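Everything below concerns the one structure shown next.
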Amino acid sequence: MTVMTASLTERWHALLTRCGTTADPEPYARDLLDRWAEPQRRYHTTDHLRAVLDRIDELADHADDPDAVRLAAWFHDAVYRPDRSENEERSAALACRALREAGLPEPLVHEVARLVRLTVTHHPAPGDHNGEVLCDADLAVLGSPPEQYAAYTAAIRDEYSFVPPDAFREGRAAILHHLLALPALYRTPEAHARYDAQARANMQAEIGKLAG
């Protein structure tokens, strides 16, 4: 069974075991998967987690520590409340608590927390190969075919259904402009070649719809 066809629980068990856990991975898998299945989620679900992990597997050769990136993917939206602004910080804190309890080495715990916090801006420093892989995997959805991109934007709107339309359009446009203004949207050569042109076309089209 390949990594990408294994269940999420199997992938978590294998990952934590490779990273040297001294604890049973099962309770952590249950807790994380319960978090990713919370009812307020429409896009940031287990489907998103699986997609990010799959993209990391495809880009793994670019990372300095692919398993640190995979751990960060598991935690990067583990705490997710659409009406809160501190989700990434709380997710990083959760990662620190859980991974220390699981007996993982402290340098690895610090790296995972750093990577989780990096998803606030998706702007890794030059040479941050782990950060480049995580950010590219997280943003790969932007380079989806138009119909898949439309489903993604609809799910995001559902998550923010409590936000009035005008405020949502303003906030969403600001996020898109921020992403388009990054020095590079994708930092790994493979993701840039695969996703960049379509992602920019998708986001520009969405900005036009938001303005219309």
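The values are calculated or read from the model by the stated rules, or taken from the named source; none is laboratory data. Just so you know, these numbers come straight off a predicted model, no measurement behind them. Don't worry about glycine lacking a Cβ; one is built from the backbone with ideal geometry, like all the others, and counts go over all protein chains shown. These accessible areas exclude ligands, DNA and RNA; they are computed on the full protein's heavy atoms, side chains included. Shrake-Rupley method; radii C 1.70, N 1.55, O 1.52, S 1.80 Å.
Yes or no: A72 among the small types (G, A, S), in contact with a Leu (Cβ under 7 Å, 6 or more places away or on another chain) and surrounded by 16 or more Cβ atoms within 10 Å (Cβ to Cβ)?
Judged against the criteria, A72 is a match.
When you look at A78, is it small (G, A, S), in contact (Cβ under 8 Å) with a residue 40 or more places away in the chain, at negative phi and assigned to a helix (DSSP H, G or I), yes or no?
When the stated conditions are applied, A78 does not pass them.
Every residue, every condition in (1) surrounded by fewer than 16 Cβ atoms within 10 Å (Cβ to Cβ); (2) out of contact with any Lys or Arg (no Cβ under 8 Å at 6 or more places or on another chain); (3) free of Cβ contacts under 8 Å to residues at least 40 places away in the same chain; (4) of a type outside the set (F, W, Y), yes or no:
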{"site": "L139", "(1), (2), (3), (4)": "no, yes, no, yes"}
{"site": "A151", "(1), (2), (3), (4)": "yes, yes, yes, yes"}
{"site": "P164", "(1), (2), (3), (4)": "yes, yes, yes, yes"}
{"site": "F168", "(1), (2), (3), (4)": "no, no, yes, no"}
{"site": "A184", "(1), (2), (3), (4)": "yes, yes, yes, yes"}
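Just checking, which of R35, R42 is at pLDDT 95 or above and farther than 26 Å from G143 by Cα?
R35
Counting only residues that are of a type in the set (D, E) and open to solvent by less than 60 Å² (accessible area, probe 1.4 Å), how many does segment 26-49 have?
2
With the requirement that a residue be open to solvent by less than 20 Å² (accessible area, probe 1.4 Å) and touching a helix residue (DSSP H, G or I) at 6+ places or on another chain (Cβ under 8 Å), what does segment 153-162 give you?
I156 - this is the single residue of segment 153-162 that is open to solvent by less than 20 Å² (accessible area, probe 1.4 Å) and touching a helix residue (DSSP H, G or I) at 6+ places or on another chain (Cβ under 8 Å).
So that you can scan it fast, the table gives a plain yes or no per residue for (1) more than 24 Å from R90 (Cβ to Cβ); (2) assigned to a loop (DSSP other than H, G, I, E, B); (3) touching a strand residue (DSSP E or B) at 6+ places or on another chain (Cβ under 9 Å); (4) open to solvent by 60 Å² or more (accessible area, probe 1.4 Å):
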| position | (1), (2), (3), (4) |
| --- | --- |
| H110 | no, no, no, yes |
| P126 | yes, yes, no, yes |
| A197 | yes, no, no, yes |
| A201 | yes, no, no, no |
| G208 | yes, no, no, no |
